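The next block holds one structure in the form of C-alpha cells; read it before the comments.
The values are calculated or read from the model by the stated rules, or taken from the named source; none is laboratory data. What you see is a predicted model; the values in this text were computed from it and never measured. Reconstructed Cβ throughout: ideal geometry from the backbone, glycine too, with neighbour counts over all protein chains shown.
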Amino acid sequence: MYLLQQDFNVVCYEGEHSVYLVLAVGCMLVYCFGIPSFVLMVLWRNRKHLWNVDSAKNMKIDYQYGGLYKQYEPKYWYFEVVRCCCLLVGRW
C-alpha cells in the first residue's frame with residue numbers, strides 16, 4: 001500500500017488520487033502530443049499561403065502563425081514542430 005508523502009492519510013492509486021492521476025496523465029499527453037500535432041495541422045493546411053504574397057490569406061496567416069515558420073526556409077515550413085518534439089525528449 002502506497003501513501004502520499006505529503007499526507008499519510010491519502011492512499012495512492014485509489015479514490016480521489018486516481019482521478020487526479022488520470023487527469024495529470026491526460027494533460028501531459030495533450031501538452032506533449034496535442035500541441036505539436038495542432039501546430040503541424042495548422043501549418044499543413046495553410047502551407048500554400050505561407051510564403052505566397054499574392055495569396056489573399058497570406059497576411060492573415062503571416063500575422064497569426066508567422067512566428068512558427070518565418071525563421072526557416074520555405075521547404076522547411078514544418079521544422080518548428082520537429083524542434084518542439086526534440087525539446088520535449090531532451091535531444092536539442
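Give Val82, Val42 a once-over and let me know the one that is surrounded by 12 or more Cβ atoms within 10 Å (Cβ to Cβ) and without any contact (Cβ under 8 Å) to a residue 12 or more places away in the chain. Give the derivation first.
Values: Val42 fails: without any contact (Cβ under 8 Å) to a residue 12 or more places away in the chain.
From the options Val82, Val42, the qualifying one is Val82.
Kindly provide the set of residues from segment 1-28 that are β-branched (Val, Ile, Thr) and assigned to a helix (DSSP H, G or I), ordered by number.
At the first step, the residues of segment 1-28 found to be β-branched (Val, Ile, Thr) are 10-11, 19, 22, 25.
Val19, Val22, Val25 - these are the residues of segment 1-28 that are β-branched (Val, Ile, Thr) and assigned to a helix (DSSP H, G or I).
Between Tyr31, Tyr72, Tyr65, which is aromatic (Phe, Trp, Tyr), assigned to a helix (DSSP H, G or I) and at pLDDT 90 or above? Give the steps one after another, and end with the answer.
Working: Tyr31 fails: at pLDDT 90 or above; Tyr72 fails: assigned to a helix (DSSP H, G or I).
Of the residues listed, the single one that is aromatic (Phe, Trp, Tyr), assigned to a helix (DSSP H, G or I) and at pLDDT 90 or above is Tyr65.
When the residues of segment 57-87 are filtered to those that are of a type outside the set (D, E, K, R) and under 14 Å from Phe38 (Cβ atoms), which remaining residue is farthest from the chain's Cα centre (by Cα)? Reasoning before the result, please.
From segment 57-87, those of a type outside the set (D, E, K, R) are 58-59, 61, 63-69, 71-72, 74, 76-79, 81-82, 84-87; that's our starting set.
Next cut, under 14 Å from Phe38 (Cβ atoms) only: 64-65, 68, 78, 81, 84-85.
Working: Gln64: 16, Tyr65: 14, Leu68: 12, Tyr78: 13, Val81: 8, Cys84: 8, Cys85: 8 Å.
In this case the residue turns out to be Gln64.
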